[in-house]
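In what follows, a single structure is set out as structure tokens and then discussed.
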């Protein structure tokens with residue numbers, strides 16, 4: 001087991017990354033109508049169906065690749081996978097914001113799914129490696145708080161985006 005200082009810093013880092021990945025996953029729903037207006041200004045009759053493909057593209061890439069990254073997490077550095085996933089996710093998020101075509105947005109959302117697939121199965125195993133069994137019950141709730149915190153920050157960021 002790692003020292004308590006390293007374990008605590010790792011938990012904080014993974015918690016922040018967890019929060020950011022959750023926000024990135026959810027923020028699309030809040031700004032979907034704005035994206036739709038930009039991508040389909042002439043009122044495409046299939047615009048709603050196409051916009052529904054954005055979260056679907058994320059979920060399919062995430063679900064399809066998570067098992068592969070789980071296996072990779074047993075064969076190579078888990079921190080390397082988390083780092084690469086974070087870099088890919090950051091780039092994909094930026095590309096989502098600057099994409100000017102529907103194909104560009106959907107491709108970027110697929111890579112957001114790849115990013116989360118690299119992160120989600122590996123991060124809990126990092127914590128399991130760092131914390132002894134008796135302490136995992138205390139670190140795990142902190143790690144999983146992303147759902148509440150991410151939802152709060154996501155709602156605030158959506159409101160801010162809508163005001164602009």
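In this calculation the C-beta distance from residue 87 to residue 53 is compared with R0 = 22 Å, giving a FRET efficiency of 0.30. Ordered by the count of other Cβ atoms within 10 Å of each Cβ, fewest first, 44, 24 give 44, 24. One chain, two ends: residue 144 and residue 128. Fully extended at 0.36 nm per residue, the span grows by 4.4 nm beyond their Cα-Cα distance. In this simple spin-label model, placing a label point 7 Å from the Cα along the Cα-to-Cβ direction at both residue 3 and residue 95 gives a separation of 4.0 nm. Going from the fewest other Cβ atoms within 10 Å to the most, the residues 63, 23 appear in the order 63, 23.
For the pair residue 79 and residue 40, the difference between a 0.36 nm per residue extended length and the Cα-Cα distance amounts to 10.0 nm. Computed from Cα positions, the angle between helix 133-144 and the longest principal axis of the chain comes to roughly 20 degrees. Seen against the Cα atoms of the chain and their longest principal axis, helix 4-39 is set at about 10 degrees.
Largest mean-square fluctuation among 31, 114, 82, in a Gaussian network model of the chain whose springs join Cα atoms under 10 Å apart, belongs to 31. For Cα Rg over 2.2 N^0.38 Å, the value computed from the atomic coordinates appears in the list [x] 1.14; [y] 1.03; [z] 1.46 under label [x]. Helix 102-119 axis versus longest C-alpha principal axis of the chain: approximately 10°, rounded to the nearest ten. In this structure, residue 12 and residue 107 have a Cβ-Cβ separation that, at R0 = 30 Å, corresponds to a calculated FRET efficiency of about 0.40.
Rule-based calculations on the coordinates, nothing more; no lab input. Computed from a prediction, not measured in an experiment: that's the story for all the values here. Here the Cβ is made from the backbone with ideal geometry for all residues, glycine too, and neighbour counts use every protein chain on show.
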